[in-house]
Amino acid sequence: MTYRQQKQRGVPQTHRRWLALAVWPLFFASAICGQDPSPAAADPGIQPESQSDLFGRVIANQKKMELILDEYERTEKVEIRKTGSDAKPSEVKVWRRFPTGPAVTKLPVSVDGVAVNPETYREDLEKLEKYLVWAAQGGPAQQEAYAKAQRKRRERHDLIATTHDAFLFTRVGEEKRGEQTLAKYTMVPNPKYKATTRNAVIFSKVRGTVWIEEQSGELARIEGSVVEDISISLFLAKVNKGSHFMQERYEMVPGHWFPSYEQYDFDGRKFVVSFSIHERTFYSDYKRVGPPKEAAEVVRAELGKLGSGQPAK
């Protein structure tokens, strides 16, 4: 199976995914790299150099997390609501997200994490194994697939660098989360920053807060709101003022902080069609499967259990 075929057999992008790709990375990248350049605005107990070092560690940990996540499978549960205030979701979708080198395969499972259709699930696993074998090889097609994935990663890292001056961060105190003590920072656009790209214009229209576990230098939570309507893709779409997004992270496996929860509450339009997106995503069951060559063995072992009559996952 080729990389193009693997891409085509995946779940089609929804409006939520499209918006997340357009808006969320811009906010998140700025949050993990920004720092208040004004000593007067910083917390008196933290010198500017210390704050700079802290955000430097947060950036390094973010890059490290992305690389490590390429070798971890996880369960993704998405709750879809008609409005953000709905107590119960109107629809729930659950996937087993399995890293495959340059991509990620999503296997549909039940809310309990077992195969919805055992026969179809086995077929999906067989296709997954074939793709992992393909991804472990070093031919031109594989090199192209990995190069595309690496370019996307470099774009995210470049975004971090270009947004370094776009926001001012002010340490406003500490908050407890369980046994952890998190440093809390507010985030506002830097009035001295002049956007030089179309994407950077978005920075002036969001406000937010980040929480950092200072000892480890890990981003524990990020939350933001759109305070002015945002036009994107040459005004073909718009995200309305009041839209909200957040992400929480925990040490999901020893030594590694991964996302545990995300929430999107977006209203706006794409072309001439209005939309309202209210989704909550939960991540769990992180398990290391390794790079494609190792991951293929994991899938083979699971197929062997299915062949012996043992239940799927």
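The values are calculated or read from the model by the stated rules, or taken from the named source; none is laboratory data. Since the model is a prediction, treat every value here as computed from it, not as a measurement. Neighbour counts are summed over all protein chains in view; Cβ atoms, including those assigned to glycine, are modelled from backbone coordinates with ideal geometry.
Just wondering, is there one or more residues in region 84-92 that are assigned to a loop (DSSP other than H, G, I, E, B), at pLDDT 95 or above and more than 16 Å from the chain's Cα centre (by Cα)?
Checked against the condition, which is being assigned to a loop (DSSP other than H, G, I, E, B), at pLDDT 95 or above and more than 16 Å from the chain's Cα centre (by Cα), region 84-92 yields no hits at all.
Let me spell it out: the conditions are (1) under 14 Å from D265 (Cα atoms); (2) buried (at least 16 other Cβ atoms within 10 Å of the Cβ); (3) modelled with pLDDT of 90 or more, and E248 meets all of them except one. Which number is the exception?
For E248, the failing item is (1).
Does at least one position in region 157-168 carry a residue that is surrounded by 13 or more Cβ atoms within 10 Å (Cβ to Cβ), modelled with pLDDT of 95 or more, aliphatic (A, V, I, L, M) and in contact with a strand residue (DSSP E or B) (Cβ under 8 Å, 6 or more places away or on another chain)?
no
Here are some residues: K127, K176. Which one is farther than 21 Å from E297 by Cα and at pLDDT 95 or above?
On the way: K127 fails: farther than 21 Å from E297 by Cα.
Just one listed residue meets the conditions, K176.
Spot the failing condition for S216; the list is (1) part of a strand (DSSP E or B); (2) in contact with a helix residue (DSSP H, G or I) (Cβ under 8 Å, 6 or more places away or on another chain), and only one is missed.
(1)
Please go through region 171-197 and give me each residue that is among the hydroxyl-bearing types (S, T, Y), surrounded by 15 or more Cβ atoms within 10 Å (Cβ to Cβ) and in a strand (DSSP E or B), ordered by number.
Y185, T186
Quick one: which residue in E49, E73 is modelled with pLDDT of 50 or more and out of contact with any Ser or Thr (no Cβ under 8 Å at 6 or more places or on another chain)?
So the residue among E49, E73 that is modelled with pLDDT of 50 or more and out of contact with any Ser or Thr (no Cβ under 8 Å at 6 or more places or on another chain) is E73.
Given G255, G290, which one is free of Cβ contacts under 8 Å to residues at least 12 places away in the same chain and either touching a helix residue (DSSP H, G or I) at 6+ places or on another chain (Cβ under 6 Å) or at positive phi (or both)?
G255
Check V133 against each of (1) in contact with a helix residue (DSSP H, G or I) (Cβ under 6 Å, 6 or more places away or on another chain); (2) surrounded by 17 or more Cβ atoms within 10 Å (Cβ to Cβ); (3) closer than 20 Å to K305 by Cβ and name the one condition it does not meet.
(2)
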